[in-house]
């Protein structure tokens, strides 16, 4: 049976899916919607990442600044305490029996701090008494008259202190670790120069004492460098005593020139600042992006640099909640597009069916009426 | 026999199984594309996310709806060669899929019933 021009043996077929103008418009809508949400997702993620990196750099800057001030104050405090201690009669008397006990008392009173030794040197520059927690390699009877702190002390007044060039013990319990001497002159009862009282501050301990509790992650590294760029303290002991320019100068990595330029700027201006830099990772021999902040540590006339560095992966651990929100939003929008499309297909096909049935009934009724009229 | 069973286990069992398998693949592939695209984008690999992730989702969504449209058309659009008498007025009307021929109602009667002019038998 056939009604009008409708062919037998077939089902009512709509226009082929991809030829249908409506479907083409709908495909364009899906393409635009998904592309838009994809771009927004990447854009928002990128923005959040940049903002997060900026925040971490800011935090590191605060940590570096706070650490630098703490180190400065600790050294000042140590110096001030030494100047007072150097005026005690137990010290000025150079008594063979009393002085060692006084030194022991001094070292014990610094327990739990980075001060690890106290040394008394006589006016000839010969080490007379040593008290330390571990052997630092210093020996009694050694002549140290050529040291910067001894030469300074010979011309210094009572109540003054001096921070000497950090030393790298080659022997003893602190081998390979920078030990900074803080010295003050000792004057005898006649106000004559009698010697020098020196205490040693372990820079590694000093850095970890103040900065470790503030670290952003376990992989946050802290470095202390002298004005020429030589590492005084570093997580990798092999770096201590090495110049940063020479160390990185041997390596090739993208952005090296920019990094060197920024470093030189830092060492010229002696201010504080931030780096977002890709550097070769010494342990894994791969490139890692680091967020670094530095602050000057003013010690006497010198300006050291305290650098706090965190790998970007650790910083982006805080990206999790943002990322989850963006992913959820993206998935929800994609499902809304799918749900809307499903609804559209249903509405469209039901409308098509109803239109067909209504058209068929109208044609049938019209034909019946014509037949009736003709008869 | 239920309508669902009728759809999958018709008189020609073999052909229905093939159609079912085809349908599963036609539905599964776009879903894999959409999910794969979303996963690729969540990896936050900017270039691959943009170059592969977004097109995968677009193609997945389009083919998912294409498959859905094919299934819906199969179940909704009426047969053009199967005509039965309307259960209300007795006039000829096309038979829609999943409709019992004895319960078929033509569009005119359906409109009349909806407007309260007639009542179904």
## Note on the structure
Once residue A:325 and residue A:145 are pulled to full extension, the length gained, defined as 0.36 nm per residue separation minus their Cα-Cα distance, is 58.1 nm
### Query
Is there a simple number for the mean count of other chain Cβ atoms within 10 Å of the Cβ of residues in B:55-68, and what is it?
6
### Message
Quick check: from the Cα gyration tensor, does the protein assembly as shown come out rounded (a/c under 1.5), prolate or oblate?
### Response
prolate
#### Entry: Test item: B:28-37 mean partner chain Cβ contacts at 10 Å
1
#### Entry: Length-normalised contact order of chain B in % [C-alpha pairs under 8 Å, at least 6 apart]
15 percent
### Query
What is segment A:94-188 by shape, rounded, prolate or oblate, if you read a ≥ b ≥ c off the alpha carbon gyration tensor as root eigenvalues and call it rounded for a/c under 1.5, prolate for a/b larger than b/c, and oblate otherwise?
rounded
### Query
Can you give the mean number of other chain Cβ atoms that lie within 10 Å of the Cβ atoms in peptide A:26-37?
4
### Summary
Once residue B:117 and residue B:52 are pulled to full extension, the length gained, defined as 0.36 nm per residue separation minus their Cα-Cα distance, is 17.6 nm
### Using a Förster distance of 51 Å, the FRET efficiency for residue B:103-residue A:35 (Cβ separation, nearest 0.05)
0.65
## Note on the structure
Once both label points are put 7 Å beyond Cα along the C-beta direction, the residue A:193-residue A:158 separation in nm becomes 1.6 nm
### Message
Give me the one-decimal nm value for the distance between modelled label points at residue A:66 and residue A:133, 7 Å along each residue's Cα-to-Cβ direction.
### Response
2.3 nm
## Note on the structure
Place a point 7 Å from the Cα of residue A:365 in the direction of its beta carbon; the residues of segment B:70-93 whose amide N falls under 19 Å from it are B:84-93
#### Entry: Mean-position separation - Cα centroids, segment A:174-235 and segment B:43-121, in angstrom
82 Å
## Note on the structure
From DSSP H assignment alone, runs of 4+ in the protein assembly as shown each adding -39500 (n - 2.57), the sum over residues rounded to the nearest 500 puts [θ] at 222 nm at -16500 deg cm²/dmol
#### Entry: Simple spin-label estimate for residue A:165 and residue A:272 in nanometres, 7 Å along Cα-Cβ
3.0 nm
### Task
Beta carbons within 10 angstrom, averaged per residue: use that to sort the peptides A:62-75, A:347-360, highest first.
A:62-75, A:347-360
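Every read-out reported here was derived from the displayed coordinates using simple, explicitly stated rules and does not represent laboratory data. Because the structure is a prediction, the values reported are computed rather than measured. A quick note on method: Cβ atoms are made from the backbone with ideal geometry, for glycine too, and the neighbour counts reach across all protein chains shown.
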